[in-house]
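First comes the structure, then the notes that go with it.
The values are calculated or read from the model by the stated rules, or taken from the named source; none is laboratory data. From a predicted model like this one, the values you see are computed outputs, not experimental measurements. Positions of Cβ are generated from backbone atoms using ideal geometry, with glycine treated the same way; all protein chains shown enter the neighbour counts. Heavy atoms of the whole protein, side chains included, go into the accessibility calculation; ligands, DNA and RNA do not. Shrake-Rupley method; radii C 1.70, N 1.55, O 1.52, S 1.80 Å.
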Amino acid sequence: MTAPFLNVQNVTKVFGGLKAVNDASFQLERHEIVGLIGPNGAGKSTLLRLITGILQPTSGKVFFKEHDITGQSISKTVNKGLACTFQIVKPFRQLPVLANVMVPCLSPRSRRKGEWVKTVELRARDALEFCGISDLAREPASVLSHGDLKRLELARAIATEPDLLLLDEPFGGLNPAETTLVAKSLKRLHKGGRFGRLHSEGPAMLIVEHKLADLMPIVDRVIVLAFGEIIANGLPEEVVADERVIEAYIGKEVKGLEARSQ
Amino acid sequence: MIYFNLFFGWIKQEIFAIPGRVIALVFFLLLIALPLVTQDPFYLRVFTLALIFAIFAASWDVLSGFTGQLNLGHALFFGVSAYTAGLLNIHLQYSPWVTIPCGAVIAVSVGLFAGIPALRLRGFYLGLVTLTFPLILLGILFAFPNFTGGELGVSGISRVSSSAVVNYYTAMVVFTVSVMIMWKFTDAKSKLLRTGIILHAIREDEITARASGINTTYYKFMAFALSGFFAGIAGGLYVHYMRIAGPQTLDLFFSFQAILWTIFGGIATIYGPVAGVFILYPLLEFLNLTAWGELLRQIIFAVLLIVALMFMPEGITVWILDKIEVKCPRCKVVNVFYRKKCRACRAPLHLVRESAHQYNKGEV
């Protein structure tokens, strides 16, 4: 039996006296889209940062493609084929949008095929095209709206042609139309194929999201986090029906409330 | 014949159509022509030193302006190279053609050493650490006065040439080559080297740069090494021109002068520090010629800086280029300010002001 694609083993992170992530373990297979949901402050983003290596776990290990990536520098992890986006967008504000995406195209992973330096620009443009913001390519990133910045973040992540994509609230702050667009492009990215010069082998995805209505149709599996602990891990339908998840996150309809308000 | 046409077409498109490049071309032609106009040793001395200081200021800009690693002790690289070149010349009688590269290499190693704090610190904290390095080196130099000359420094160093004009042209060639290399290295639009875009990215947001798979440590050290190298070249040239390697090359104020020149000219542009040096340094030297100028020198310098920073906070070159160049809103190609339509895509460069009256008459 081969080892799982991404293996998070008993990861714990302590900030002062707070256990942000407590003994979280889960596996991710290749070609799987997994949603990571939970109430605010449950430790979803922290868990994501522990996997990417922005934060060091207090204990526990993370394996990616059988390599131990615990505590490795994020640039090394990215070059192994793991890409992430940030919840709070962090573009290079003074650089043009195209240059923002050219930076990941200059990373060792993107250049591993011995591509000539000049194709960098074309590849970056294809990544922008895929996310639907290629018309803004020459504008500085500081003039972009929040929705476009979110898509720029996605373009930056897929420009390294990752095998695993960690998305921190890709729909956060987007309007319904933009949300469906991004959800569609994620679905399409997962199918794989060539988008111009950009190649996608269908990355596995781990998506942290609050918009359940948009998230549920695209995910294969859902992991629910509450107070730093994984309380549910299974198919979307099962998780939504789970008693503890309803208690901790989704909430239930209070029958008496309507009667009282009337 | 067709190659001539292509060449002149290229010059027309790439140089004469862009006002900033025309100014740069005129500047270089004036630099070449200066010894033909005057052979006065004073003027030659001022402009030779200006060339040397321009390399120094530009090397600070590579490190702090482009890469964002604030270095408040940039005189360290200059001074290390100056002392290395001076001591090699005095004790071993090496010629300047050997000592200047040696000094630059030592400055590179010192630059790599100075880059170690930059792995953990950023912003003003890094600035404070780098501020102390030249002071530490000064302490070491004063501890061995027999070898380093103590507070008097090493004197009696040989010149590149006995002729002032040859010295000037040597400095000019070194300056041109250094500035060209630094410009190509840091230019985000360059198609030759892609380092510029990465250095900009590191300054803007280091975590995003790392999340893009860029080994920022490697590029930061590269910036430190390159900056140290060119500051070292400037230090070596300086010491072989002034014939003395003294503690003033490690002076705190000398570090700040690089920063002042760069900020006055325009930070994160290679032409900015060059313009800053070539405006401020000769101006202050020429003020020395008059009796009142000598008295009011520092005040004039301070007032000039304050006025410049108030009205041109991004630097004088950026301010001037903003006035004489217009970027096409559609294709971002640079045009002369008096053009109405973009030279590449014919998009209107300025918004047309139309009144309701004109509109009704059908003039617009």
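Scanning region A:126-154 for residues that are closer than 13 Å to A:Pro96 by Cβ and open to solvent by less than 10 Å² (accessible area, probe 1.4 Å) gives A:Leu128, A:Ile133, A:Ala137, A:Ala141, A:Leu152.
Taking region B:181-194 on its own, how many of its residues are more than 10 Å from chain A (Cβ to nearest Cβ) and not hydrophobic (A, V, I, L, M, F, W, C)?
The total comes to 4.
Note on region B:117-221: enclosed helices (runs of 4 or more DSSP H) holding 3 or more residues that are modelled with pLDDT of 90 or more and within 22 Å of the chain's Cα centre (by Cα) are B:124-143, B:164-186, B:195-204. If you go through region B:82-105 one residue at a time, how many are under 23 Å from the mean Cα position of the chain (by Cα) and surrounded by fewer than 22 Cβ atoms within 10 Å (Cβ to Cβ)? Adding up the residues that qualify gives 4. Scanning region A:224-248 for residues that are in a strand (DSSP E or B) and either over 17 Å from A:Gln27 (Cα atoms) or in contact with a Pro (Cβ under 6 Å, 6 or more places away or on another chain) (or both) gives a single hit, A:Ala226. Scanning region A:31-65 for residues that are basic (Lys, Arg) and under 16 Å from the mean Cα position of the chain (by Cα) yields a count of 2. Screening B:Ile197 with (1) among the aliphatic types (A, V, I, L, M); (2) surrounded by fewer than 22 Cβ atoms within 10 Å (Cβ to Cβ); (3) within 14 Å of chain A (Cβ to nearest Cβ) gives one miss only, at (2). The one condition from (1) in contact with a Leu (Cβ under 6 Å, 6 or more places away or on another chain); (2) in a helix (DSSP H, G or I) that B:Leu34 does not meet is (1). Restricting region A:77-95 to residues that are within 8 Å of chain B (Cβ to nearest Cβ) and open to solvent by 30 Å² or more (accessible area, probe 1.4 Å) leaves a set whose member that is farthest from A:Asn10 (Cα to Cα) is A:Gln94.
Within region B:205-222, which residues are open to solvent by 10 Å² or more (accessible area, probe 1.4 Å) and of a type outside the set (S, T, N, Q)? The answer is B:Asp205, B:Glu206, B:Ile207, B:Arg210, B:Tyr218, B:Tyr219, B:Phe221, B:Met222. Beta carbons closer than 8 Å, at least 6 apart along the sequence or on distinct chains, pair a first residue in region B:276-302 that is open to solvent by less than 50 Å² (accessible area, probe 1.4 Å) with a second that is outside any helix (DSSP H, G or I) for B:Gly276/B:Gly266; B:Gly276/B:Gly315.
Being touching a strand residue (DSSP E or B) at 6+ places or on another chain (Cβ under 8 Å), open to solvent by 20 Å² or more (accessible area, probe 1.4 Å) and either polar (S, T, N, Q) or not in a loop (DSSP other than H, G, I, E, B) (or both): is that true of A:Arg188 here? No. With respect to the stated conditions, A:Pro108 is over 17 Å from A:Glu201 (Cα atoms), open to solvent by 10 Å² or more (accessible area, probe 1.4 Å) and either in contact with a His (Cβ under 6 Å, 6 or more places away or on another chain) or within 11 Å of chain B (Cβ to nearest Cβ) (or both).
For beta carbons closer than 7 Å, sequence separation of 6+ or different chains, a first residue in region A:154-171 that is without any contact (Cβ under 8 Å) to a residue 60 or more places away in the chain and away from chain B (no Cβ under 11 Å) and a second that is surrounded by fewer than 24 Cβ atoms within 10 Å (Cβ to Cβ) and of a type in the set (Ser, Thr, Tyr), the qualifying pairs are A:Phe171/A:Thr179. For the criterion of being open to solvent by 70 Å² or more (accessible area, probe 1.4 Å), over 15 Å from the mean Cα position of the chain (by Cα) and under 24 Å from A:Thr58 (Cβ atoms), A:Phe15 passes.
From the list B:Ser178, B:Ser162, the one residue that fits, being loosely packed, with under 15 Cβ neighbours inside 10 Å and more than 13 Å from chain A (Cβ to nearest Cβ), is B:Ser162. Would you say B:Gly111 is surrounded by 21 or more Cβ atoms within 10 Å (Cβ to Cβ) and part of a helix (DSSP H, G or I)? So B:Gly111 passes the test. Here A:Arg111 meets each of (1) under 24 Å from A:Val182 (Cβ atoms); (2) assigned to a loop (DSSP other than H, G, I, E, B) with one exception, condition (1).
Residue pairs whose Cβ atoms lie under 9 Å apart, sitting 6 or more positions apart in sequence or on different chains, and linking a residue in region B:238-263 that is over 30 Å from B:Val318 (Cα atoms) to a partner that is of a type in the set (D, E, K, R), are B:His240/B:Arg159; B:Tyr241/B:Arg45; B:Tyr241/B:Arg159; B:Arg243/B:Arg159; B:Gly246/B:Glu151; B:Pro247/B:Glu151. Residue count for region A:46-63 satisfying the condition of being within 14 Å of another protein chain (Cβ to nearest Cβ), touching a helix residue (DSSP H, G or I) at 6+ places or on another chain (Cβ under 7 Å) and either buried (at least 20 other Cβ atoms within 10 Å of the Cβ) or of a type in the set (Asp, Glu) (or both): 2. Output yes when any residue across region B:12-23 is surrounded by fewer than 12 Cβ atoms within 10 Å (Cβ to Cβ) and farther than 21 Å from B:Ala275 by Cβ, and no when none is. So far as region B:12-23 goes, yes, one or more of its residues are surrounded by fewer than 12 Cβ atoms within 10 Å (Cβ to Cβ) and farther than 21 Å from B:Ala275 by Cβ.
So that you can scan it fast, the table gives a plain yes or no per residue for (1) under 21 Å from A:Ile51 (Cα atoms); (2) out of contact with any His (no Cβ under 9 Å at 6 or more places or on another chain):
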site: A:His146; (1), (2): no, yes
site: A:Asp163; (1), (2): yes, yes
site: A:Leu166; (1), (2): yes, yes
site: A:Gly173; (1), (2): no, no
site: A:Glu178; (1), (2): no, yes
site: A:Lys187; (1), (2): no, yes
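With respect to being at pLDDT below 90 and either in contact with a strand residue (DSSP E or B) (Cβ under 9 Å, 6 or more places away or on another chain) or not in a helix (DSSP H, G or I) (or both), A:Leu165 falls outside the description.
Just to be sure I understand, how many residues within region B:1-23 are aromatic (Phe, Trp, Tyr) and farther than 26 Å from B:Ile324 by Cβ?
The qualifying residues number 2.
Picking from residues in region B:24-59 that are polar (S, T, N, Q) and open to solvent by 10 Å² or more (accessible area, probe 1.4 Å), the one that is nearest to B:Val326 (Cα to Cα) is B:Thr38.
Which ones in region B:223-266 are part of a loop (DSSP other than H, G, I, E, B) and surrounded by 21 or more Cβ atoms within 10 Å (Cβ to Cβ)? Across region B:223-266, the qualifying residues are B:Gly246, B:Gly266.
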